Amino acid sequence: MQPERSERFRAARTAHFTESVIRETTRLALRHGAVNLAQGFPDFPAPQALKDAAARAIADDFNQYAITWGAKPLRDAIAAKYLRHYGLELDPEREITVVCGSTEGMIASLLATTNPDDEVVMFEPFYENYGPDADLCSAPRRYVTLHPPDWSFDPAELRAAFSPRTKAIVVNSPHNPTGKVFSREELVQIAALCQEFDALCLTDEIYEHILYDGAVHVPMMTLPGMRDRTVLVNSMSKTYSVTGWRVGWVLAAPEISSSVRKVHDFLTVGAAAPLQQAGVAALSLPDAYYQELAGHYQRRRGLLTAALERCGFSLNRPRGAYYVMASADSLGYSDDLLLSSHLIEKIGVAAVPGSSFFHRKNLGRRFIRFCFCKKYETLEQAGRLLNEAFGDARNA
Ligand code: GLN
């Protein structure tokens, strides 16, 4: 297309969008045959019980639209799980919306609750979708820095990000990309500001069951004053190792859910009907399933962090989720883009440049994000490749 034509047909709100760096890194990994520790999806099989339930649902002809805001049995199963795990009582008829993954959950929630020029606060680094999500709503972003090595924030900086223009804050805990699990005290500070400034808290809780070293996940919605001020976004993707199914949910007070449901309806009509049926089987799994999941991830975390540290990377051990932000300063790399290209093209291991999780790119240059939601063999292979390339820092 001629330049002026492409200009004419490109909406201003998309003008500065780039390809997601996470997805781009996966493409490069495929092209160079590198072990993909970039995009956070498991390379091991999904639970057999879920695959059976999905196949059965298709055979039993759950093949037409489900109710727009979610098949009733799945909404009931979601309500039962939140009651069982957190004592949260949710009305499946008015407070639960099933969506196409938490990606849709977050953008639908923002579209449903913000007007142009309402401000949205987010912690930096952040999962890269939140930026474009706010931009698609024409909602200016305000950032609060999470400071390495422990990714803590300064309460004064948090307060300074809030103003009468703030409509919402996005809180992702356990956190992608750092592995931070926000403490109850930190969540209470955020909750107090939401109440003082009459703002919503949009929470991305997709790693809720992937926790280490006794870390505890506290849903913001359970804190005093936050029940009707929180929009909780979650999905089956990470907990049940089915990132390609695209089944998620949004939990919110009835008046908020009502707008989220309308946005969801016009965006997508609904999530895949047979996979919603399989979701009932997933959400009804016993507690042992979640303990086992966390146990396996703890071993995977151990494998990857040991391999990275052996090579001389420095890192802060994640307390949740399945990523680690590592710095290769002591290996002589201070530019994440160069390091990422070198890793993919010369060493055969793909990881995401840290700056892609930052608005202020310079804050992320020292970091590179590895994920460890992979088979033990995959992580061992990556460890071998890194070791061959960088040697053993302990002998240096
Ligand atoms: N959440 C995963 C990650 O951060 C996958 C993101 C995606 O590509 N949808 O890598």
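No lab work stands behind these numbers, since they all come straight from the coordinates. Remember, predicted model here, so these are calculated numbers, not experimental data. Heads up, the Cβs are rebuilt from the backbone with ideal geometry, glycines too, and the neighbour counts pull from every protein chain shown.
I'd like to check something: does region 23-34 contain any residue that is assigned to a helix (DSSP H, G or I) and away from the ligand (no atom under 16 Å from the Cβ)?
Just the residues of region 23-34 that are assigned to a helix (DSSP H, G or I), to begin with: 23-32.
Subsequent filtering for residues that are away from the ligand (no atom under 16 Å from the Cβ) retains 31-32.
Yes, some residue in region 23-34 is assigned to a helix (DSSP H, G or I) and away from the ligand (no atom under 16 Å from the Cβ).
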Exercise for the section: Within region 55-64, identify whether any single residue is in contact (Cβ under 8 Å) with a residue 60 or more places away in the chain, within 16 Å of the ligand (Cβ to nearest atom) and surrounded by 15 or more Cβ atoms within 10 Å (Cβ to Cβ), and answer yes or no. Expected result: no
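Would you call ARG369 within 14 Å of the ligand (Cβ to nearest atom) and under 21 Å from the mean Cα position of the chain (by Cα)? Full working, then the answer.
Numbers: within 14 Å of the ligand (Cβ to nearest atom): yes; under 21 Å from the mean Cα position of the chain (by Cα): yes.
Spelling it out, ARG369 is indeed within 14 Å of the ligand (Cβ to nearest atom) and under 21 Å from the mean Cα position of the chain (by Cα).
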Problem - Candidate set: region 245-287, residues that are within 16 Å of the ligand (Cβ to nearest atom) and of a type in the set (A, V, I, L, M, F, W, C); chosen: the one farthest from the chain's Cα centre (by Cα) - result: ALA271
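Anything in region 315-329 that is outside any loop (DSSP other than H, G, I, E, B), of a type in the set (A, V, I, L, M) and touching a Pro at 6+ places or on another chain (Cβ under 7 Å)? List them, or say none.
Here is the first cut: in region 315-329, the residues outside any loop (DSSP other than H, G, I, E, B) are 315, 320, 323-327, 329.
Subset that is of a type in the set (A, V, I, L, M): 315, 324-326.
Listed by number, the residues that qualify are VAL324, MET325.
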Fill in the blank from the handout: Scanning region 11-22 for residues that are exposed (fewer than 11 other Cβ atoms within 10 Å of the Cβ) and part of a helix (DSSP H, G or I), the one farthest from the ligand (Cβ to nearest atom) turns out to be ALA12
Fill in the blank from the handout: In region 161-191, anything more than 18 Å from TYR322 (Cα to Cα) and buried (at least 18 other Cβ atoms within 10 Å of the Cβ) is listed as ALA161, PHE162, THR166, LYS167, ALA168, ILE169, VAL170, GLU186, LEU187, ILE190, ALA191
Exercise for the section: Pull up region 330-352, narrow it to residues that are in a helix (DSSP H, G or I), over 24 Å from the mean Cα position of the chain (by Cα) and of a type in the set (D, E, K, R), then point me to the one that is nearest to the ligand (Cβ to nearest atom). Expected result: GLU345
Exercise for the section: Determine whether region 295-316 contains at least one residue that is surrounded by 20 or more Cβ atoms within 10 Å (Cβ to Cβ) and within 17 Å of the chain's Cα centre (by Cα). Expected result: yes
Completion exercise
Over region 70-94, the set of residues surrounded by fewer than 20 Cβ atoms within 10 Å (Cβ to Cβ), part of a loop (DSSP other than H, G, I, E, B) and under 23 Å from the mean Cα position of the chain (by Cα) is LEU88
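Confirm whether VAL242 is under 21 Å from the mean Cα position of the chain (by Cα), in contact (Cβ under 8 Å) with a residue 12 or more places away in the chain, assigned to a loop (DSSP other than H, G, I, E, B) and farther than 17 Å from HIS85 by Cβ. Steps first, please.
Numbers: under 21 Å from the mean Cα position of the chain (by Cα): yes; in contact (Cβ under 8 Å) with a residue 12 or more places away in the chain: yes; assigned to a loop (DSSP other than H, G, I, E, B): yes; farther than 17 Å from HIS85 by Cβ: yes.
Against the criterion (under 21 Å from the mean Cα position of the chain (by Cα), in contact (Cβ under 8 Å) with a residue 12 or more places away in the chain, assigned to a loop (DSSP other than H, G, I, E, B) and farther than 17 Å from HIS85 by Cβ), VAL242 qualifies.
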